[in-house]
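Read the structure below first, then the notes.
The values are calculated or read from the model by the stated rules, or taken from the named source; none is laboratory data. Quick caveat, the model's predicted, so the values are computed rather than measured. Glycine gets a Cβ as well: all are built from the backbone with ideal geometry, and neighbour counts include every protein chain shown.
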Amino acid sequence: RNNLSSLPKSISKLKKLVKLQINHNELKSLPNNICSINFDKNKMQSFISGNNYLCEDVPPCTEELPGFNYEYDSNGYPFYQPQNCVICDPGFRGILQISDNITIREGGNCFFKSDLDAIQDIINTNDKLLNLEPLDVGHQTWIGGRITTLAINNANLQSLPKSIGKLTSLQILHLDNNELTSLPKSIGNLNNLTELALDENQITILPNSIGNLTNLQGLSMDNNKLTSLPETIGNLNNLRELYLNYNQITILPESFGNLKNLEILLIYYNQLTSLPRSIGNLNNLQVLYSSNNLITSLPESIANLSNLHKLWISSNQLTTLPLSLCELPSDCDINVSYNCLSEEFHYSCIDNAGHHLGYWCK
């Protein structure tokens with residue numbers, strides 16, 4: 001009765017061992033070379049290993065012994081005490097001990113093996129996670145044995161394995177404040193993903209496969225090193241919120257106009273010189289923050305944003321404003337301060353709403 005979680009491989013050198021009592025521990029496996037010990041039933045006088053977690057890939061020389069599922073009571077008599085195993089359907093693995101970072105909804109303690117293997121690959125490709133078990137990593141939610149939420153923040157992750165694309169039931173993926181520089185193409189296989197957060201990384205480019213995430217509703221990539229977005233970003237027709245602040249983006253693709261359900265677009269502190277004409281197609285857009293860029297003009301199509309409540313384009317290099325700006329909703333909060341505007345562009349539609357129009361030429 002201890003907390004042994006493993007046995008050393010050197011135990012196989014105990015050729016004269018006739019009694020081995022390892023019951024009531026935390027053992028999940030036994031070294032394969034343990035069979036080098038003479039486990040013949042007539043020579044091994046006592047082998048007791050019940051009340052452990054020896055459920056998979058158990059060396060047959062031990063599993064066949066009578067004491068495999070027994071332990072001793074306080075009087076020294078053996079009694080039946082099986083391994084702490086969970087019986088699961090094929091393709092699932094039973095794990096009885098679950099840490100506090102795991103939330104289980106339906107499915108009990110049976111976990112889809114392919115999902116566990118993918119998380120194990122994340123561990124294997126990142127030194128900071130070595131020696132952890134799959135269910136020890138980050139915060140996870142499992143429904144019906146499939147992982148649906150995975151949050152590994154502040155973990156110094158440097159890369160993601162290709163196998164992350166096997167987590168096809170994943171709905172929420174948070175990998176904030178890590179050291180990622182890219183995403184594998186297989187990220188596009190996560191077609192149930194609704195929320196993807198990658199803030200505070202070093203990502204320089206998005207794979208074209210990002211456009212396959214057609215159920216995505218929220219994408220946050222603040223504080224990365226993006227310089228552009230793929231045309232396929234326009235395929236995210238369920239996207240509602242997009243956060244791209246503090247990057248190095250110089251241009252938005254025309255396909256941006258296909259994001260018909262987009263409601264919030266925050267893209268301040270980048271290097272944009274303009275907004276695409278297609279931005280006028282974003283009929284559901286309510287908030288547009290593009291301050292602290294290098295924007296010199298706005299497209300006339302911006303007047304088509306009939307649901308816009310906030311338009312902040314301060315601290316850019318605007319020298320003129322389109323007259324169509326006055327066609328925006330009367331309650332739209334427009335901030336064009338700290339640009340290169342002259343008094344002739346002091347539109348009454350902005351003044352009437354009580355907005356501050358600054359005269360600031362960088």
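Observations on the structure shown:
- Within the range 295-314, being in contact with a strand residue (DSSP E or B) (Cβ under 9 Å, 6 or more places away or on another chain), closer than 16 Å to residue 264 by Cβ and assigned to a loop (DSSP other than H, G, I, E, B) holds for 305, 308, 309, 313.
- Residue among 162, 113, 128 that is of a type in the set (D, E, K, R), within 23 Å of residue 54 (Cα to Cα), free of Cβ contacts under 8 Å to residues at least 60 places away in the same chain and surrounded by fewer than 20 Cβ atoms within 10 Å (Cβ to Cβ): 113
- Restricting the range 35-45 to residues that are under 11 Å from residue 19 (Cα atoms) and surrounded by fewer than 14 Cβ atoms within 10 Å (Cβ to Cβ), the residue that is modelled with the lowest pLDDT: 43
- Within the range 169-189, being over 10 Å from the mean Cα position of the chain (by Cα), assigned to a loop (DSSP other than H, G, I, E, B) and on the phi < 0 side of the Ramachandran plot holds for 169, 178, 179, 180, 181, 182, 183, 184.
- Subset tally (residues that are assigned to a loop (DSSP other than H, G, I, E, B) and either on the phi < 0 side of the Ramachandran plot or surrounded by 13 or more Cβ atoms within 10 Å (Cβ to Cβ) (or both)) for the range 75-108: 21
- Of the residues making up the range 223-254, those that are of a type in the set (Val, Ile, Thr) and part of a helix (DSSP H, G or I) are 232, 233.
- Members of the range 242-299 found to be of a type in the set (Val, Ile, Thr) and closer than 21 Å to residue 340 by Cα, listed by number: 250, 251, 267, 273, 295, 296
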